[in-house]
Amino acid sequence: MTALFFPSIEVTGKRIGYARVSTTDQKLRMQLDALKAAQCDEIFKDHGISGGKASRPGLDKALGTLTRGDALVVLKLDRLGRSVQHLSDLLVRLGNEGIHFCSLAEGINTTTPGGKLVYHLFAAFAEFQRDVIRENTVLGLAAAKARGATLGRPRRLGIEDILEGHRHVTQVGITIGEVAERLEVSHATLTRGFKWAGLALHH
């Protein structure tokens, strides 16, 4: 790990490290050594869990530990998840909560003035992804209607409610149950809406 440059992570709070390997035969040692070298106060890990899996106990604990002024530190971006949408939403959520983020291998460090741009870029990408989903959904429904296809009974939730609900769950940290209550639908209906729109749920 001596070849890696470890940026100075200046925070008022704690440095919380997170490491993950997707298969049981991979080693966490490289990630743990890097996080220790970055002077993390506490390190959480998931072993044998894929990046695409919604529930990751180690990451859940790490996120639950973080408070304003802390920094989440990983060796590489893909340790947080293999979905760019998930990464974008998670980083937007951290930024909204006043939590810094540092990825050692990519040199991303939001405790620096230049690093703060990262949150703006990921926020823009997350919004772009939702715009694409919105446009594809509207065009798809219009095309189906033009073909005379039977669309089934009307959905309880429109695409705008689904996208906004997903944003509140993934970027603001509101529970699915609370969002469903605000939209006056059941938990199951909202979850089905996310699935229908192709929106993954992580944290």
For this session: Report the charge-dipole magnitude of the stretch 124-196 in Debye, nearest 20, computed about the Cα centre from +1 at each Lys and Arg Cβ and -1 at each Asp and Glu Cβ.
Result: 440 debye
Exercise. Going by a ≥ b ≥ c, the root eigenvalues of the Cα gyration tensor, does the stretch 124-196 fall in the rounded group (a/c under 1.5), the prolate group (a/b larger than b/c) or the oblate group?
Worked result: oblate
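What number in nm² do you get for the stretch 15-119 if you take the convex hull of its Cα atoms and divide its surface by four?
Numbers: hull surface 23.8 nm².
With the hull built on Cα positions only, its mean projection is 5.9 nm².
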For this session: Treat the count of other C-beta atoms within 10 Å as a stand-in for reagent exposure and order HIS47, HIS166, HIS100 from fewest to most.
Result: HIS47, HIS166, HIS100
Problem set entry | Radius 10 Å from Cβ of VAL74, net charge of other residues (Lys, Arg +1; Asp, Glu -1) | +1
Problem set entry | At R0 = 22 Å, FRET efficiency that the Cβ-Cβ distance of HIS47 and ARG68 yields, to 0.05 | 0.15
Seminar exercise, completed: If the chain between VAL84 and LEU141 were fully extended at 0.36 nm per residue, the gain over the current Cα-Cα distance would be 17.9 nm
Exercise. Calculated FRET efficiency, LEU77 and ARG29, Cβ-Cβ r, R0 25 Å, to nearest 0.05?
Worked result: 0.80
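R0 = 30 Å: FRET efficiency of LYS14 with ASP131, Cβ-based, nearest 0.05?
So, using R0 = 30 Å, E works out to roughly 0.25.
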Problem set entry | Cβ-defined net charge surrounding GLN39, 12 Å radius [Lys, Arg +1; Asp, Glu -1] | 0
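None of the figures in this text is laboratory data; all of them are computed from the coordinates on show. These figures come from a predicted structure and were not determined experimentally. Cβ sites come from the backbone with ideal geometry, for glycine too, and all protein chains shown count toward neighbours.
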